[in-house]
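The values are calculated or read from the model by the stated rules, or taken from the named source; none is laboratory data. Given the structure is predicted, the values throughout are model-derived calculations rather than measurements. Neighbour counts are summed over all protein chains in view; Cβ atoms, including those assigned to glycine, are modelled from backbone coordinates with ideal geometry. These accessible areas exclude ligands, DNA and RNA; they are computed on the full protein's heavy atoms, side chains included. Shrake-Rupley method; radii C 1.70, N 1.55, O 1.52, S 1.80 Å.
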Amino acid sequence: VVKESIGMALVEIHDSPKWKKFLSYVGPGFLVSVAYLDPGNLETDLQAGVDHRYELLWIVLVGLGFSLIIQSRSANLGVATGKHLSEHCKEEYPKPVACCLWILAEVAVIAADIPEVIGTAFALNILFHIPMWSGVLLAGLNTLLLLGLQRYGIRKLEIAIGALVLVVGASFFSVMVQAGPNPKEIAKGIFVPRLSGHGATKDAIALLGALIMPHNLFLHSALVISRKINHSYNGIRTASKYFLIESSIALFIALFINVAVVSVSGCVCSNPIITSETQDHCKEITLSSAAYLLKNSLGNWSSKLYAISLLASGQSSTVTGTYAGQYIMQGFLDLRMKLWLRNLVTRIIAITPSLVTCIIAGSSGAGKLIIFASMILSFELPFALIPLLRFTSSEKKMGHHKNSVIVTMVSWLLGFCSIGINMYFLSTSAMQWVTSTKTPRALSLLAGFVVLLIMLLYVILLTYLTLKVETQTPGPGSPHVVMNTMMNDGAILDGGPTADQQALEIEEGILSA
């Protein structure tokens, strides 16, 4: 069943030696970490460094720490239940609500894909002077070729994506060494919280909002199912532990790369002897102008290295975005399409907005589309985050592996903070757009009313997702299902709760119900 769900053979777990066992779990966290290095994040990092030098580095640390907690919840959901997030959403919510969540999830994949495809097109333009629209088409083709590695097993794809992540890191590290930022200032920026600069609060909110991607929560819960783990009590706990360690390493690398990007732009644009042309690029930095900024300040090689890292970032993140789209389509719609056809459909849907924009408006329109995509992702995040927190806190779904009280409190607190930050960013951006347009007053009032109505519906749906009474059907992780599985596998004595403890907990659960 699991093989049919993920579309490929499971990865065997080696029991010994320990290093080989750990390597069997390595992969999902690195695929997920790519979303924290996508071109949209790189552009936000560049702007943060230009405006505030190293002052907002601690925001990157806090954001990725929060991301680790949320991503580990997603991994635990897949490990404990054997189903990914979209499958749980389909089972838990009424058909109209599940359909709405599916549409929102597909829109999130498309929105996440916009900066990734455009970033790849910018990189191809910088390296080979290929027109933007041609770069978008090549990005889509290259993604399909990389996804073709699935035919040879998930491990081959994980190795390819891991190699691309290392290319991004090595390229930006080389540029950072060439730029020569002050290590003490970087350390101070990471560990000393400050928001003293003009517009620092708003930029910090934008930086946090750009980190967590909605489709990542669907993706991580699906990728961990690719491992053939022992579904005893201890087997699930061991797998969750190894996936947490692996995700920590992957996100630490992502933190290092994000810090390097912020440090490079902060160092270059704060140099007192920069030329007027460089100052112009610093004022409104984009993925495209950053290449000219580095070329003027550090030389042609830095520009080429930046383009290589942008290309690797864009290609790796488009692959994982398309992969997430496959799982979302399969989970919500229960479609059983051939792998190559599912890849093709997901890719065509995702690149269409970027291709149309590049043909009509060129690179300037592509840059504006990235900003619009970030607003959509901020809007979309709660519709993946709230169901995830509900499911992982549920004993009916997770059984003994549900979130502890402390983890539940911290996760929901961080979740609501993230939702509040994104709602603030979304509402202020929308109202700025409404009030700044040079349109008649009546049309502005109408636009304001539409925005208010959308926000009202938004809050109503989020309230429903948060307060909905859980369905009574026990999931794979519920206590008696886990106990039966353990007894059938002969794993009840594998260091987990005893039969008497299990029976007592089941009895208490029945009495509570």
Looking at (1) touching a residue at least 60 places away in the same chain (Cβ under 8 Å); (2) surrounded by fewer than 21 Cβ atoms within 10 Å (Cβ to Cβ); (3) on the phi < 0 side of the Ramachandran plot, which one does L335 not meet, given that it meets all the others? (1)
Of the numbered conditions (1) open to solvent by 10 Å² or more (accessible area, probe 1.4 Å); (2) under 14 Å from the mean Cα position of the chain (by Cα), G299 fails exactly one; give the number of that condition. (2)
Can you tell me how many residues within the range 356-368 are touching a residue at least 60 places away in the same chain (Cβ under 8 Å), of a type in the set (A, V, I, L, M, F, W, C) and surrounded by fewer than 21 Cβ atoms within 10 Å (Cβ to Cβ)? 1
Only one of I103, I126 is of a type in the set (V, I, T), in a helix (DSSP H, G or I) and surrounded by fewer than 21 Cβ atoms within 10 Å (Cβ to Cβ); which? I103
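Inspect all residues belonging to the range 394-412 and state whether any of them is more than 26 Å from K90 (Cβ to Cβ), modelled with pLDDT under 80 and surrounded by fewer than 18 Cβ atoms within 10 Å (Cβ to Cβ).
Within the range 394-412, the subset more than 26 Å from K90 (Cβ to Cβ) is 404-406, 409-410.
Cutting the leftovers down to modelled with pLDDT under 80 gives us none.
No, the range 394-412 contains no residue that is more than 26 Å from K90 (Cβ to Cβ), modelled with pLDDT under 80 and surrounded by fewer than 18 Cβ atoms within 10 Å (Cβ to Cβ).
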Of residues in the range 442-479 being more than 26 Å from M423 (Cα to Cα) and open to solvent by 80 Å² or more (accessible area, probe 1.4 Å), the one modelled with the highest pLDDT: Q472
Only one of L104, L57, L85, L31 that is within 23 Å of Q315 (Cβ to Cβ), modelled with pLDDT of 90 or more and not polar (S, T, N, Q): L31
Hey, can you tell me all the residues within the range 34-49 that are of a type in the set (V, I, T) and at pLDDT 90 or above? V34
Counted residues, the range 46-92 - those being surrounded by 24 or more Cβ atoms within 10 Å (Cβ to Cβ) and closer than 17 Å to C267 by Cβ: 9
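Restricting to helices (runs of 4 or more DSSP H) lying wholly in the range 138-214: which have 1 or more residues that are of a type in the set (G, A, S), surrounded by fewer than 20 Cβ atoms within 10 Å (Cβ to Cβ) and free of Cβ contacts under 8 Å to residues at least 60 places away in the same chain?
Here the list reads 154-179, 183-191.
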Please verify whether the range 4-15 includes one or more residues that are over 19 Å from P382 (Cβ atoms), touching a strand residue (DSSP E or B) at 6+ places or on another chain (Cβ under 6 Å) and not aliphatic (A, V, I, L, M). yes
Set V264, V259, V224: member being part of a helix (DSSP H, G or I) and either without any contact (Cβ under 8 Å) to a residue 40 or more places away in the chain or more than 18 Å from W58 (Cβ to Cβ) (or both): V224
Only one of (1) open to solvent by less than 10 Å² (accessible area, probe 1.4 Å); (2) among the β-branched types (V, I, T); (3) at pLDDT 90 or above fails for V117. Which number is that? (3)
Within the range 311-343, count every residue that is within 16 Å of F173 (Cα to Cα) and more than 17 Å from the chain's Cα centre (by Cα). 1
